[in-house]
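The values are calculated or read from the model by the stated rules, or taken from the named source; none is laboratory data. Just so we're clear, the structure is a prediction, and the values are computed from it rather than from any experiment. Positions of Cβ are generated from backbone atoms using ideal geometry, with glycine treated the same way; all protein chains shown enter the neighbour counts.
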Amino acid sequence: MTDQMLLSARGLTKRFGAVTVVDDVTFDVPRGKVLGILGPNGAGKTTLFNLISGDLAANGGELSLDGSLLSAEPPYKRCQRGIGRTYQVPQPFGDMTAFENLMVPAMMSAKMSEADASEHAAEVLRDCGLLARANNRAGGLTLLDRKRLELARALAGKPKLLLLDEIAGGLTEAEGAELVSLVRRVRDRGVTILWIEHVLHALMAVADSVLVLNFGKKIAEGSPDTVMQNSEVQRVYMGIEA
Ligand SMILES: Nc1ncnc2c1ncn2[C@@H]1O[C@H](COP(=O)(O)OP(=O)(O)OP(=O)(O)O)[C@@H](O)[C@H]1O
């Protein structure tokens, strides 16, 4: 590993009972780059995120961030170390406003003062197209706005590593293009991103490289073009037989 790598995984393994859902997975993510994660349903992609965010403990292997091991640190510690994530099913504090939802990670994870957090929260809401909803109760937002809020909450904690779990599904073409441009802006500010996404054209528009999982094992890794031409990826992910 070199100091150009923000995140490194070595032999990462997770079992549920007798089933190994993340199987000896090794990869590096260079700083400031976007790594796309692909794989069929049940391949272990979200479980991989849960291991990185600390929502689940691994059965084996090692993860390091910024050159130091992420051992048994709980999720809130990992947030404070700069890991932010979205969940497939948005998890806002439903009774708080959109703005208040952002104040929590800005103050608790990014450790900002109330005044700085407030300014940052407003900027993130604007970036994510939610400024007009700042004072709306999160639980009353539409699904699209809850998805935007999910991303905004992750950004409000000022992550250096951002884990995006299927944020493009169900968007119109224009909304998808807006999302791609937002992810690019975030990357251009120096944030390193891992993005699980089935909406391939959105992912391919941003990803610097792609890693493919199948039954928990890494089956391919490389540039988007190379990976999409890989015959095993075409077979397991796109159902194309050679
Ligand atoms: N807490 C759990 N207990 C038992 N099995 C689990 C648990 N979480 C996930 N699994 C199983 O682990 C496997 C991998 O699930 P995971 O959600 O990581 O897949 P995925 O690649 O993210 O799928 P999708 O694209 O459908 O979101 C699946 O077979 C799933 O049923």
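Could you list, in sequence order, the residues of the stretch 118-132 that are surrounded by 21 or more Cβ atoms within 10 Å (Cβ to Cβ) and farther than 18 Å from LEU163 by Cβ? If the condition is that a residue be surrounded by 21 or more Cβ atoms within 10 Å (Cβ to Cβ) and farther than 18 Å from LEU163 by Cβ, then HIS120, ALA121, LEU125, LEU130 are the ones that fit.
Within the stretch 83-113, the set of residues being farther than 23 Å from LEU7 by Cβ, out of contact with any strand residue (DSSP E or B) (no Cβ under 8 Å at 6 or more places or on another chain) and part of a loop (DSSP other than H, G, I, E, B) comprises VAL89, PRO90, PRO92, PHE93, MET112, SER113. Would you confirm, using the coordinates I've provided, whether GLY222 is among the small types (Gly, Ala, Ser) and over 22 Å from MET5 (Cα atoms)? So GLY222 fails the test. Scanning the stretch 202-226 for residues that are farther than 18 Å from THR13 by Cα and touching a residue at least 24 places away in the same chain (Cβ under 8 Å) yields ALA202, LEU203, MET204, ALA205, VAL206, ALA207, ASP208, SER209, VAL210, PRO224.
Among the conditions (1) within 25 Å of SER223 (Cβ to Cβ); (2) of a type in the set (Asp, Glu); (3) at pLDDT 95 or above, ASP3 misses just one, which is (3). Of all residues in the stretch 184-233, those being in a helix (DSSP H, G or I) and either exposed (fewer than 15 other Cβ atoms within 10 Å of the Cβ) or in contact with a His (Cβ under 6 Å, 6 or more places away or on another chain) (or both) number 9.
Within the stretch 15-40, residues that are more than 12 Å from LEU161 (Cβ to Cβ) and in contact (Cβ under 8 Å) with a residue 40 or more places away in the chain reach partners that are β-branched (Val, Ile, Thr) and within 9 Å of the ligand (Cβ to nearest atom) with beta carbons closer than 6 Å, at six or more positions or on different chains, in the pairs VAL21/THR47; VAL22/THR47; ILE37/ILE196. Filtered by the rule that a residue be over 18 Å from VAL191 (Cα atoms) and among the aliphatic types (A, V, I, L, M), the stretch 150-179 gives ALA168, LEU171, ALA174, ALA177. Among the residues of the stretch 141-153, are any outside any loop (DSSP other than H, G, I, E, B) and touching a Ser or Thr at 6+ places or on another chain (Cβ under 6 Å)? Looking for residues that are outside any loop (DSSP other than H, G, I, E, B) and touching a Ser or Thr at 6+ places or on another chain (Cβ under 6 Å), one finds at least one in the stretch 141-153, hence yes.
Quickly run through the stretch 12-66 and pick out the residues that are assigned to a strand (DSSP E or B), surrounded by fewer than 18 Cβ atoms within 10 Å (Cβ to Cβ) and within 10 Å of the ligand (Cβ to nearest atom). Within the stretch 12-66, ARG15, PHE16, VAL19, THR20 meet the criteria. Going through (1) under 20 Å from the mean Cα position of the chain (by Cα); (2) exposed (fewer than 14 other Cβ atoms within 10 Å of the Cβ) one by one, ALA152 falls short only on (2).
Only residues that are out of contact with any Lys or Arg (no Cβ under 9 Å at 6 or more places or on another chain) and either closer than 16 Å to ARG15 by Cβ or of a type in the set (Lys, Arg) (or both): list them for the stretch 44-77, please. Listed by number, the residues that qualify are LYS45, THR46, LYS77.
If you go through the stretch 67-78 and pick out every residue that is loosely packed, with under 14 Cβ neighbours inside 10 Å and either modelled with pLDDT of 95 or more or touching a Ser or Thr at 6+ places or on another chain (Cβ under 9 Å) (or both), you end up with 2.
In the set (1) away from the ligand (no atom under 15 Å from the Cβ); (2) out of contact with any helix residue (DSSP H, G or I) (no Cβ under 6 Å at 6 or more places or on another chain); (3) hydrophobic (A, V, I, L, M, F, W, C), the condition left unmet by ALA98 is number (2).
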